[in-house]
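Shown next, in structure tokens, is the structure this report addresses.
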Amino acid sequence: MRSLRLRLAQSQLSQIVNRRRVIIILEGWVGSGKKTALRRMVGSWDPCNVDTVCVGRTANHDSDRHWLAPYWANLPGAGNTAIFYPSWYRRIAEMRLDGKLDDKQFARACDEINEFEAQQRDHGTLIVKLFFHMTADRQAAVMRERQSDPWMHHLLSPGAAEAMSRRDDLIAIIDDIFAQTDTRWAPWTVVNGNDEAGASIQSLDVLAAALEKAMPTSPPADGETVIPFRHSRAG
């Protein structure tokens, strides 16, 4: 983990000085270790250049705007990273599960996502999409642990209970999402969420490798952006 965090820190330094943009998608089952991995990602970086964007459930969206509007408003600027937790994928999965998207509407939403992500890629933005998967038995064990700890009760939302009760339906939706949005410019990586520590190591390793491949290995050439420092002494 120490080695991974050093790699992430060095990659972010290159990202900042070369003014590159990064989008990270964190999706997966409730209890699969996403938040633990997120803490370790963010803890490796300069906090002034990374934002964690937590857009709420479907009910919190403004129906008068395009459904991607909340995400457009939080895209990263030059030198910055935006981590979407949850992301636009959670939105369409929830709407599909609730019966608010038929086959045609769901396919259109996936097409809009692909176009949206392609636009970010064309703008020079690296996109890393991570899905934390876990078995039903492991998820049930994690939920029991949370139920037994009063400090963890806030993580037991009605949405999590519904997702567990309709796991087979969600698996079919997730498979469909993967089939339609696993693109060459924004591929999915599945992380083994059965082991929380292992999930953090795997996800950070995938992220570090993607950043190292995308970021320049040297700083930009000196130019007008470099402010000369002149030492002066009073008297």
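From helices alone, the chain scores -15500 deg cm²/dmol at 222 nm; the rule is -39500 (n - 2.57) for each run of n ≥ 4 DSSP H residues, then divide by the residue total. Asp176 contributes an accessible area of around 50 Å² to the protein surface, as traced by a 1.4 Å probe with all chains present.
Normalised by 2.2 N^0.38 Å, with N the number of residues, the alpha-carbon radius of gyration of the chain equals 1.14. Summed over all non-identical Cα pairs, the Kirkwood treatment of the stretch 23-135 gives a radius of 15.1 Å. Overall, the ratio between the Cα radius of gyration of the stretch 70-195 and 2.2 N^0.38 Å, rounded to two decimals, is 1.18.
What's the magnitude of the charge dipole for the stretch 65-191 around its Cα centre, counting Lys and Arg as +1 and Asp and Glu as -1 at the beta-carbon? Answer in Debye, nearest 20.
Details: 15 positive and 18 negative charges, 55 e Å.
Using Cβ point charges on Lys, Arg, Asp and Glu, the stretch 65-191 gives about 260 debye.
Straight-line cross-link partners of Lys129 among the lysines, defined as a Cα under 18 Å from its Cα and at least 8 positions apart when in the same chain: Lys34, Lys35, Lys213.
Longest exposed-loop-site-free stretch of the chain, with trypsin sites (Lys or Arg not before Pro), DSSP loop and at most 15 other Cβ within 10 Å? If you can, show how the numbers build up before the last one.
Values: sites that count: Arg19, Arg57, Arg65, Lys100, Arg166, Arg184, Arg230, Arg233.
The longest such stretch corresponds to 101-165.
With the simple spin-label model, which puts each label point 7 Å out from Cα in the Cβ direction, the Ala78 to Ala179 separation comes to 4.3 nm.
Starting from the Cα-Cα distance between Leu155 and Ala172, subtract it from 0.36 nm times their residue separation and give me the gain in nm to one decimal. Walk me through the numbers before you get to the answer.
Numbers: separation 17, 0.36 × 17 = 6.12 nm, distance 2.45 nm.
Result for the pair: 3.7 nm of gain on full extension.
To check you understand DSSP bridge types, tell me what percent of the beta bridges within the chain (both residues inside) are antiparallel, rounded to 5.
Details: 0 of 21 bridges.
Bridges in the chain that DSSP calls antiparallel: roughly 0 percent.
Full extension of the chain segment joining Cys48 with Met1 gains 14.7 nm, where the gain is 0.36 nm per residue of separation less the Cα-Cα distance.
Normalised by the number of residues in the chain, the average gap of Cα pairs under 8 Å and 6 or more apart makes the relative contact order 33 percent. For the set Cys48, Cys110, Cys54, the ranking by accessible area, highest first and with no ligand, DNA or RNA atoms included, is Cys48, Cys54, Cys110 under a 1.4 Å probe. Between helix 2-17 and the chain, what is the angle of the helix's C-alpha long axis to the longest principal axis, kept within 0 to 90° and rounded to the nearest 10? For helix 2-17, the angle is close to 60 degrees. Between Phe132 and Glu27, Gly28, Trp29, Val191, the built amide H atoms are under 5 Å apart, and every one of these is 5 or more places off in sequence or on another chain. Placing +1 on each Lys and Arg Cβ and -1 on each Asp and Glu Cβ, with no other charges, gives the chain a dipole about its Cα centre of roughly 900 debye. At the residue level, Leu68 shows approximately 10 square angstrom of accessible surface with a 1.4 angstrom probe and all protein chains present.
Assuming charge only on the beta carbon of Lys and Arg (+1) and of Asp and Glu (-1), the dipole of the stretch 42-113 about its Cα centre is about 140 debye to the nearest 20. Modelled spin-label separation between Ser148 and Val206, with each label point placed 7 Å from Cα along the Cα-to-Cβ direction: 3.0 nm.
The values are calculated or read from the model by the stated rules, or taken from the named source; none is laboratory data. All values reported here derive from a predicted model rather than from experimental measurement. Please note: Cβ atoms are built from the backbone with ideal geometry, for glycine as well, and neighbour counts cover all protein chains shown. Surface accessibility is based on the protein's heavy atoms, side chains included, excluding ligands, DNA and RNA. Shrake-Rupley method; radii C 1.70, N 1.55, O 1.52, S 1.80 Å.
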